[in-house]
1. With the label 7 angstrom out along Cα to Cβ, how close does A:R61 come to the same site in each of the other copies, in nm, nearest first?
2. Is region B:1-134 rounded, prolate or oblate when judged by the Cα gyration tensor, a ≥ b ≥ c being the square roots of its eigenvalues, rounded requiring a/c under 1.5 and prolate requiring a/b larger than b/c?
3. How would B:V77, B:V160 line up from fewest to most surrounding beta-carbon atoms within 10 angstrom?
4. Which angle between 0 and 90 degrees, to the nearest 10, do you get for helix A:169-182 versus the longest principal axis of chain A when only C-alpha atoms count?
5. Select from A:P149, A:P168, A:P49 the residue whose mean-square fluctuation is largest in a Gaussian network model of chain A (Cα-Cα springs shorter than 10 Å).
6. Could you work out the equivalent-ellipsoid semi-axes for region A:55-182, taking the square root of 5 times each eigenvalue of the Cα gyration tensor, largest first, in whole Å?
7. Measuring from a point 7 Å out along Cα→Cβ, what nm distances, shortest first, does A:A46 have to its partners in the other copies?
8. Under the classification rounded if a/c is under 1.5, otherwise prolate if a/b is larger than b/c and oblate if not, where does the protein assembly as shown fall, given a ≥ b ≥ c as square roots of the Cα gyration tensor eigenvalues?
Number of protein chains: 2
Amino acid sequence: MVLPVNEARDRALDAAEQLIYARGVHAVGMDDVRELSGVSLKRLYALFPGKEALVEAVLERRDGRWRQRLADFVTRVGDRDERLLAVFDWLAEWFAEPDFRGCAWINVFGELGSTSPAVLAQVRGHKRRFAEQLAGWVADAHRPAELAPQLLLLAEGAMVTAGIHGGPGPAHEARRAAAALLSR
Amino acid sequence: MVLPVNEARDRALDAAEQLIYARGVHAVGMDDVRELSGVSLKRLYALFPGKEALVEAVLERRDGRWRQRLADFVTRVGDRDERLLAVFDWLAEWFAEPDFRGCAWINVFGELGSTSPAVLAQVRGHKRRFAEQLAGWVADAHRPAELAPQLLLLAEGAMVTAGIHGGPGPAHEARRAAAALLSR
DNA sequence: TAGAGTAGAGAACCGTGGTTCTCCCCGTCA
DNA sequence: TGACGGGGAGAACCACGGTTCTCTACTCTA
């Protein structure tokens, strides 16, 4: 039986995402992706021009999913002020997942940011879109626009700190700080 | 003329630090370090057991210097509350340096955090000591202890955002947020 | 059923990089 | 002055990983 193109592509992206998130880009070989995905090297190179394009595709798909998950969680909250705090509740849940290893984009930037323009564009695009999401919710709450970048810094700080030390603690700290900024 | 051990070690660390900060660990070869430092491979391997130990030594020395520079800047400010804000002024100066490429420890963590215990220990140690520095200044200002981790998140968020997008803007945002937290 | 084309397994190719080794120079000291 | 030993230049060694190629099997179709 022959795997349809879309399914082979999905399997390849699944495997690559899992491995790269766990170990970093350069620690994952195309052969590792082949082994985990069951998609042959030949097909991998038919689906993606090379490893860099695979990494790019992984980041792009993850961006859509990540922001969708966040948005689903946040917009389930009715109160517009509470939504802003719910961002940090969602971060806390994420940080507590057993295979959490920090923010994939921050990690990839640390590894490749200065050497791969394509990956750098993915990272900047993701962070910009996340900032826009936040800014939208700040506007919905009729809060001053300058609040959004401040909440963004708290979220980014929480992601990086949780990545390095582990655990949801930084999300709780960030939530407290965000509440303080909201209560002024 | 024969280079004394300490000077050879310094030159090797200087070169390795510069290259690794600019390009990331895996993009720098021992031969690049040899070329820039003028220290032969033989001597590099006499000074350090291997590349990982060199990276470790680079991070350790940079930790001392980085926190010293920060402390010098901050403690020059008389007012204890202003000191807390001065942290972000210093970050702004750092971010504006032409070769700024984000926080070296965050970057290295993204690249090696999950694969090198020695490097991970350096990263955690640095971040812990930075947090302790901040906590000390918060205590000096007779501010509640829970303020320190919140300022830490702002600082980390600023470092990561400035690394990705460039420029001192995130430090200014973080300073405003910190001032808001202080004015409650 | 025969032929064609596609896909997989796995070897092969090629560059790179960490680490070690060889060869030679030069300063030192008996 | 001659043996010695540290140090440098650069080759060599070895493993790894991205990419391509070969060979074979299988499926689909005429």
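Since every read-out is calculated from the coordinates, none of them should be taken as a lab result. Just so we're clear, the structure is a prediction, and the values are computed from it rather than from any experiment. FYI the Cβ positions are ideal-geometry reconstructions off the backbone, even for glycines, and counts take in every protein chain you see.
1. In nanometres, ordered from closest: 4.4.
2. prolate
3. The most exposed by this proxy come first: B:V77, B:V160.
4. The answer is roughly 40 degrees.
5. A:P49
6. Numbers: eigenvalues 114, 55, 36 Å².
Semi-axis lengths for region A:55-182 are 24, 17, 13 Å.
7. With the label placed 7 Å along Cα→Cβ, A:A46 yields 5.7 nm.
8. On the way: a/c = 2.21, a/b = 1.04, b/c = 2.12.
The shape class here is oblate.
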